[in-house]
Amino acid sequence: MVVAEASFDTDRIAIRRDGSIAIIEWRSPPVNALSASFCASLLGVLYDLRSDRPGALILASGIGHFSAGKDLTEGDDAPPSTSLVDVQAAIERSPFPVIAAIDGAAMGAGLDLALTAHYRIAAPAARMALPEIRLGLAGGAQRLMRAVGLEKAMDMALTGRTVEPTEALSIGLIDRLSDADLITGAIAFARDILAEAMPLRRLRDESDLLPVPAEAREMLAAYRHKNAARFRGQIAPDHILRALEAGITLPFDEAVREEYRLCQQLLNSPQAKAQIYGFMAERKAASVPDVPAGTIGRQIDRVGIIGAGTMGGGIAMAFANAGYRVVMIDRAQDALDRGLAVIRRNYDRTVSRGGLDAATADERFGRITPLTDLNAVADCDLVIEAVFEQMDVKQTIFRQLDGICKAGAILATNTSCLDVNAIAAVTGRPQDVIGLHFFSPANVMKLLEVVRGRATATDVVATAMQLSRRIGKIAVLVGVCSGFVGNRILLERQYEAERLILEGVPPWQVDRLLYDFGFPMGPFAMADLVGLDVGWDEAASCGVTVQDRLCEMGRLGQKSGAGYYDYDASRVATPSPVTMQVIDDLRAARGQTAGRPVPDEDIVDRCLGLMINEGARILAEGIAIRASDIDVIWTSGYGWPTYRGGPMYHADRIGLPALCARLDMLRDRYGDRFEPAPLLRQLAERGLGFADFAPS
Ligand code: NAD
């Protein structure tokens, strides 16, 4: 192979030849985002190549990612990506075959660029998706639907899901799978194309897989109907469905223009702005100011989990799924057997639903070794304690671990609200102790609160943040306080919801309003789902809350057929007169009377206002590093609708002066707890938002 003389930006785009075949490799780290300037460079290269007249051209990435799509950092002010359109036109009009060699991510506009090529070959590590919907956007579906048909295009565009190479080959998204070096495979493919004089396939000109308009409309309507609950509150799905319909009813170029127009509408919408903010916020959460990006974490190969209950089992699965060998310990054989049986059932269920093949499930299950002897964690690099939420039980375990574990092992607790510093203090190595607060079910939930203790070493923090990515979690670093960030804010909402029902607002009204705001369910439906007895102490219960009284009656939520709601055999909820009676009785016992009717907007603002106020306190105390971290916690772990950004983002959109005024009004009407938090008031007075807050 020879490297040709280049008359363009050689830092970003290299071109070389292998006989008659030209190979373009582009580099725009970290993920080859398609910025306007980058597209302009690529276009220049493509023009230069015209006079060169290669037999075929391979488009490839020099950095392991074909392209992750449009450069979001260019913001809304960036001109429409005309240069990308020009690049695509230049490729499609090429008189010689162009082959996209896909490695790593080919996402959004990056996938659409690959679909512009006449043929596609992918490496085993390639990942293809149209993730626009996750950002509240549309785009990239016109060639896709011509490549894979309407049904599969709907699925990809409306879920944003990632397609792996074997599936991509079977649905026609790619033409060949490379089993050796990708470029070598692409060159061989190019030679075959030339030898067999294969036609220059332009997806824009193909319509074999597209249904007739009437059938397409029916398919789109059926999809819309079936997914109504999933799309609730969002505007992007409707725009994507309209773009797909345009692809059926309009000529290709007009359909592309219509899709572009729909995407521009979305780009200017508050929902897409919130979702793009959330996307950036997740990335920002990975950086910790006093832990430089290159900090080398500790080597983690073997993981020990103490406790084979709800959380221990889920955490064991999360690590086993990511390839780690796990030792799972419980104090008694029967508890261990129960825990292991739950894990087996979970894997079997995933297999029966087609989410995993049986051999992979067995392999993952086989990585978990169940034992009752705590000494078995002696050679583990990381030990995560997930036993009962009692300080003395946890401290006993940590004292034992201190004596058993090898030097340098990280000792983590999954406590939901106990003091990590007090747990660390019983060991002789508090620098190695950290909180890893997983959420239930731990093998599914994305969020991980990494709790930094007073003495936690920075390389332990770095290890936890790096490790979280390897097990597919979104980690947010938080400080020690009761409930950390997520549960501390949640508790404010729960308390307020309880106050509201004692004032006479039915639980289902609170639930409906928060559901309408965009939460997957309201606080009472959630409590019924989780189980009212979680965190309830039967011995100490003396009927002082509605929850106490319901638990005392055996109304433990969905699992017992009744909680705040009554449930039928299929767990369909209906408002319960029994609960209303319990509330009336408790109110009477407290000597209270139902107050004036509470307007709907007050119900929502009381719940959300207290959450934001608590978020402000958490920020001021330095428990969260930045406001966007609180938002990431609430969108990824607590069901805050992504199209509303998160509680702190929501506050900034309202405007802090307006929010203060509203809280002042709620304080005058309902009590001092609505007094704006000092940080909230200070920022409002200075005309700033939470996003501007940086701790001094
Ligand atoms: P669980 O009751 O389901 O499981 C606890 C397990 O620990 C049991 O199997 C028990 O036998 C075992 N255990 C108790 N003492 C032990 C000891 N000395 N040695 C070994 N094993 C012992 O509890 P869970 O819901 O899994 O909660 C575990 C921890 O995770 C708690 O700290 C809890 O606050 C926290 N947490 C729970 C959730 C949740 O939703 N359940 C979410 C986040 C964090």
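Cα centroids of segment 551-587 and segment 80-116: 57 Å apart.
In this simple spin-label approximation, Arg469 and Ser570 carry label points 7 Å from Cα along the Cα→Cβ vector, and these lie 4.5 nm apart. Remark: Trp640, Trp508 ranked as Trp508, Trp640, counting other beta-carbon atoms within 10 Å and listing the fewest first. With neighbour counts taken as other beta-carbon atoms within 10 Å, the residues Asp181, Asp155, Asp71 rank, fewest first, as Asp181, Asp155, Asp71.
For the chain, adding -39500 (n - 2.57) for each run of n ≥ 4 DSSP H residues and dividing by the number of residues yields -14500 deg cm²/dmol at 222 nm. Relative contact order for segment 569-675: 20 percent, from Cα pairs under 8 Å spaced at least 6 residues apart, divided by residue count.
The loop-placed trypsin sites (Lys or Arg not before Pro) in segment 578-657, going by DSSP, that have at most 12 neighbouring Cβ atoms within 10 Å of their Cβ come out as Arg590. For the chain, a Kirkwood hydrodynamic radius built from all Cα pairs, placed in the Stokes-Einstein relation at 10 °C and 1.306 mPa s, yields a translational diffusion coefficient of 57 µm²/s.
List nothing, just return the count: lysine pairs in the chain, 8 or more apart or interchain, with Cα separation under 27 Å. Going through the chain pair by pair, I get 20.
Is the C-alpha gyration tensor of segment 589-687 telling us rounded, prolate or oblate? Criteria: a/c under 1.5 is rounded; beyond that, a/b larger than b/c is prolate, otherwise oblate. Cα axes put segment 589-687 in the prolate bin. Each Lys and Arg Cβ is given +1 and each Asp and Glu Cβ -1; about its Cα centre, the chain then shows a dipole of about 220 debye. Subtracting the Cα-Cα distance of Ala228 and Arg17 from 0.36 nm times their residue separation leaves 70.8 nm of extension gain. Among Met665, Met526, Met317, Met154, sorting on how many other beta-carbon atoms sit within 10 Å of each Cβ, with the fewest leading, yields Met665, Met526, Met154, Met317.
The alpha carbon centroids of segment 658-675 and segment 288-340 are separated by 44 Å.
Taken together, the values in this text are just the output of simple stated rules run on the coordinates, not laboratory data. Because the structure is predicted, anything quoted here is derived from the model rather than measured. Because the Cβ atoms are built from the backbone with ideal geometry, glycine has one as well, and the counts that use them run over all protein chains shown.
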